[in-house]
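Since the structure comes first, as structure tokens, the remarks are kept for the end.
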Amino acid sequence: MRVAFQINENTMPSKENNEVVETHHLFPSGEWEGFYTYAHGPGAERHIMSFILRFQNNVVTGNGGDDVGPFSWRGQYDKENLRCQMTKYYNTHTVFYDGQVDENGIWGTWTIGDYFRGGFHIWPKTDLENTVAEEKEAAPETYSNLEKIVVGAAGG
């Protein structure tokens, strides 16, 4: 399932303002993806989310979307203890995320007050994933051109 959302340019670094984004390899600014669950464990149903995160001066911000709707992020991260705490803001409610950071991304628990909780795992989208998605989108045109060449060769 693909989640569509509009990127808010204000969440990305601006070179005009000389903003310095985080350089730690476990906190890359850019496109992220992942899932949240309403239960813990490998059998829990995964709810996909896709978003932009910006890490700068121990503050993380961003925006994106999931099956609940569009949202924005605001929180903090700690490079020494490899922790990240963020609040996800929907139009109707907020969700607190508390996670550990490692080479596989950020994973942990989300909570809504004292009543609801579940798990989550998010990770930066890789250049390889972006390349594969672009190739899949370009494939129909490539196959169409190849078909024209083959048909043209057969007829000539």
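All of the numbers you see were taken from the coordinates with simple rules; none came from a lab. What you are looking at is a predicted structure, and each value in this text was computed from that prediction instead of being measured. Positions of Cβ are generated from backbone atoms using ideal geometry, with glycine treated the same way; all protein chains shown enter the neighbour counts.
Scoring G69 on the criteria (1) over 16 Å from W32 (Cβ atoms); (2) in contact with a His (Cβ under 9 Å, 6 or more places away or on another chain) leaves a single failure, condition (2).
Looking only at segment 60-85, count every residue that is closer than 15 Å to P28 by Cβ and assigned to a strand (DSSP E or B) and tell me the total. Walk me through how you get there before you give the answer.
Within segment 60-85, the first condition is being closer than 15 Å to P28 by Cβ, and the residues that meet it are 60-62, 73, 77, 79, 82, 84.
Adding the requirement that they be assigned to a strand (DSSP E or B) leaves 60-62, 73, 77, 84.
Final tally of qualifying residues: 6.
So, of the residues in segment 86-118 that are charged (D, E, K, R) and outside any strand (DSSP E or B), which turns out to be nearest to N57 (Cα to Cα)? If we take residues in segment 86-118 being charged (D, E, K, R) and outside any strand (DSSP E or B), then E103 is nearest to N57 (Cα to Cα).
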